[in-house]
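The values are calculated or read from the model by the stated rules, or taken from the named source; none is laboratory data. All figures in this text were calculated on a predicted structure; none of them were measured in a lab. Every residue, glycine among them, receives a Cβ derived from its backbone with ideal geometry; neighbour counts consider all protein chains shown.
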Amino acid sequence: MESSGELATPASPLFCVGCNLRLRNASSCPRCGGTIILGATDCGTVDTAGVSHEPRDDPEQLVGHDLDRYHIELLLGMGGMGCVYLARHRDLLRRCALKVLQPRLARRDSDYVERFLSEGRTAAALVHPHVVTTHAVGETDGFHFLEMEFVAGRSLQHQVMSGPAFSPAAATRLLLDVATGLGAAHQAGIVHRDLKPDNIMLTEQGQPKISDFGLAKLIPDKSDTRQCGTPHFMAPELLLGTIGHPGSDVYALGVCYYQLLTGQLPFARGTLGELRELVTTAELPPPIGLSGDLPLEMVAAVRSLMHKSPEQRPADGIAAAALLSAVLAATRDIGHLIETSFTGDRQVQWQQSPGNSQWSFQVALPDGRSQLVFVELSDSTTEVLIYSTCCPAESHFDRMALERNSQMQFGRIAVRRVDDAVHFVVTSSYPRATVDAEELYGSIHEIAREADRVERELTNADNH
């Protein structure tokens with residue numbers, strides 16, 4: 001059912017047709033401009049008449065009271081499905097987020113309760129650093145609840161709305177973390193069905209954690225097709241009635257990526273019918289970065305994640321993570337990181353090779369010694385290799401090299417062809433997608449010191 005613009009009675013909640021934002025006395029959504037609908041609930045019953053005669057639950061009724069082993073401290077948020085509270089586990093003395101199903105919904109639909117608890121148990125089996133952990137499910141005094149990890153931060157949606165905006169690289173890194181969490185869920189057979197910035201929590205350190213697995217909303221439609229998800233983030237096939245699958249989660253990830261890169265939604269329209277028409281038939285508007293042009297690799301990744309055909313998208317979160325990792329690797333400016341790291345360092349003289357894929361560093365060491373260190377991009381460009389030559393790999397050095405290798409706390413001794421001869425080198429590597437300036441700086445100095453120690457012990461010379 002699409003709204004005619006009329007306001008609901010106090011007994012009927014208001015939700016935005018596009019982003020599912022719960023509204024109060026509004027004729028359009030202040031977030032995305034979508035029109036309102038009446039009485040929508042999270043994957044539950046829809047009050048299509050616009051009026052419910054059943055008394056509504058008071059979300060504040062539990063605040064300050066005990067529920068099972070939890071003391072409810074604060075109402076954190078609410079939606080059609082229920083309320084989320086900040087609570088304290090009285091036995092374990094830890095804070096947690098407690099999601100409590102509305103008793104009114106539980107009384108009306110036993111299947112709804114079973115789905116709530118079943119999906120809670122499924123989510124509890126998923127433990128990943130980028131997924132909000134579900135610790136327990138239960139029921140007491142007519143209240144059904146999920147105990148979840150409390151993330152002392154804010155949602156990605158809050159960050160999008162209040163700023164500051166993410167740089168393209170930061171947006172890609174963040175969505176890569178989200179994709180790894182999504183991939184772990186898909187590997188465990190779990191489909192999210194409602195991935196969006198509202199359901200991505202950011203810790204105080206800025207690390208993303210996906211929340212609300214399997215607890216999507218239902219949006220009513222004139223055709224009375226029941227659709228799980230948030231329309232602005234729903235893949236074309238979902239808007240046409242298909243059940244959620246890993247590929248539809250990937251599409252939602254692509255919408256999140258588009259929004260972080262551009263500051264806007266790709267297809268934003270006031271009514272569900274208009275939105276469905278655009279998502280299923282219109283070409284994706286070219287992503288334009290908040291501060292100018294975007295790297296072609298990022299644009300291509302957005303188009304791949306949001307391809308209208310599920311078969312043309314990355315198959316699941318694992319494949320999406322691989323794509324985003326490759327984007328980071330291809331767009332990472334290692335030269336800029338090196339310049340940032342070593343400008344002003346008087347112990348190091350460095351230069352870049354004409355081919356732009358190798359850098360050399362002459363590192364000054366104590367006692368007048370020095371060591372030459374190289375940084376190279378691997379052939380696949382996914383790794384940054386750091387190494388320094390110690391001495392020729394002659395057989396009478398083998399035992400000493402093996403013993404030294406077992407004692408090293410940084411890097412490792414390997415054999416490498418250098419200048420058409422086989423040498424012992426001290427080496428280490430980092431993923432190009434995630435290496436930062438501090439890691440490069442510290443690694444180059446450590447490799448220089450270790451390689452010099454190995455050279456001194458094996459040959460007592462200072463040739464490299």
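Pick from region 429-461 the residues that are touching a Lys or Arg at 6+ places or on another chain (Cβ under 8 Å), among the β-branched types (Val, Ile, Thr) and over 14 Å from Cys390 (Cα atoms): which of them is modelled with the lowest pLDDT?
Thr434
From the residues in region 380-412 that are within 30 Å of Val327 (Cβ to Cβ) and polar (S, T, N, Q), which one is surrounded by the most Cβ atoms within 10 Å (Cβ to Cβ)?
Thr382
Return a yes/no flag: does region 101-112 have any residue that is surrounded by 15 or more Cβ atoms within 10 Å (Cβ to Cβ) and within 22 Å of the chain's Cα centre (by Cα).
No; the residues of region 101-112 include none that is surrounded by 15 or more Cβ atoms within 10 Å (Cβ to Cβ) and within 22 Å of the chain's Cα centre (by Cα).
Within region 177-187, can one find any residue that is over 25 Å from Gln259 (Cβ atoms) and either assigned by TED's automatic domain parsing to the domain that holds Ile72 or in contact with a Leu (Cβ under 9 Å, 6 or more places away or on another chain) (or both)?
yes
Which members of region 391-431 meet the condition of being in contact (Cβ under 8 Å) with a residue 24 or more places away in the chain and of a type in the set (Gly, Ala, Ser)?
The answer is Ala393, Ala401, Gly411, Ala414, Ala421, Ser428, Ser429.
Just give me the residues in region 295-309 being within 19 Å of the chain's Cα centre (by Cα) and part of a loop (DSSP other than H, G, I, E, B), in sequence order.
Within region 295-309, Met306 is the sole residue that qualifies.
Answer yes if at least one residue in region 147-163 is at pLDDT below 85, assigned to a loop (DSSP other than H, G, I, E, B), assigned by TED's automatic domain parsing to the domain that holds Arg90 and more than 24 Å from Leu74 (Cα to Cα), and no otherwise.
Yes, because at least one residue in region 147-163 is at pLDDT below 85, assigned to a loop (DSSP other than H, G, I, E, B), assigned by TED's automatic domain parsing to the domain that holds Arg90 and more than 24 Å from Leu74 (Cα to Cα).
Could you give every pair whose Cβ atoms fall below 9 Å, whose first residue belongs to region 441-464 and is of a type in the set (Lys, Arg), and whose second residue is buried (at least 16 other Cβ atoms within 10 Å of the Cβ) and in a helix (DSSP H, G or I), counting only separations of at least 6 or pairs across chains?
Pairs found: Arg453/Arg404.
In region 258-271, which residues are at pLDDT below 90 and touching a strand residue (DSSP E or B) at 6+ places or on another chain (Cβ under 7 Å)?
Gly270, Thr271, listed by residue number.
Quick one: which residue in Val373, Val426, Val415, Val422 is touching a Gly at 6+ places or on another chain (Cβ under 9 Å) and at pLDDT 90 or above? Break it down stepwise before answering.
Details: Val373 fails: touching a Gly at 6+ places or on another chain (Cβ under 9 Å); Val415 fails: touching a Gly at 6+ places or on another chain (Cβ under 9 Å); Val422 fails: touching a Gly at 6+ places or on another chain (Cβ under 9 Å).
Of Val373, Val426, Val415, Val422, the one residue that is touching a Gly at 6+ places or on another chain (Cβ under 9 Å) and at pLDDT 90 or above is Val426.
Just checking, how many residues over region 336-348 are surrounded by 13 or more Cβ atoms within 10 Å (Cβ to Cβ) and either aromatic (Phe, Trp, Tyr) or more than 14 Å from Gln362 (Cα to Cα) (or both)?
5
In this structure, does Thr280 turn out to be assigned by TED's automatic domain parsing to the domain that holds Arg173, closer than 22 Å to Val191 by Cβ and in contact (Cβ under 8 Å) with a residue 24 or more places away in the chain?
Answer is yes for this residue.
Is it fair to say Leu146 is crowded, with 19+ Cβ neighbours inside 10 Å and touching a residue at least 60 places away in the same chain (Cβ under 8 Å)?
Numbers: crowded, with 19+ Cβ neighbours inside 10 Å: yes; touching a residue at least 60 places away in the same chain (Cβ under 8 Å): no.
It is false that Leu146 is crowded, with 19+ Cβ neighbours inside 10 Å and touching a residue at least 60 places away in the same chain (Cβ under 8 Å).
Within region 268-280, can you find the residues that are surrounded by 21 or more Cβ atoms within 10 Å (Cβ to Cβ) and not basic (Lys, Arg)?
Passing the criteria: Leu272, Leu275, Val279.
Take the residues of region 381-403 that are of a type outside the set (Gly, Ala, Ser) and under 15 Å from Glu446 (Cβ atoms): which is modelled with the lowest pLDDT?
Val384
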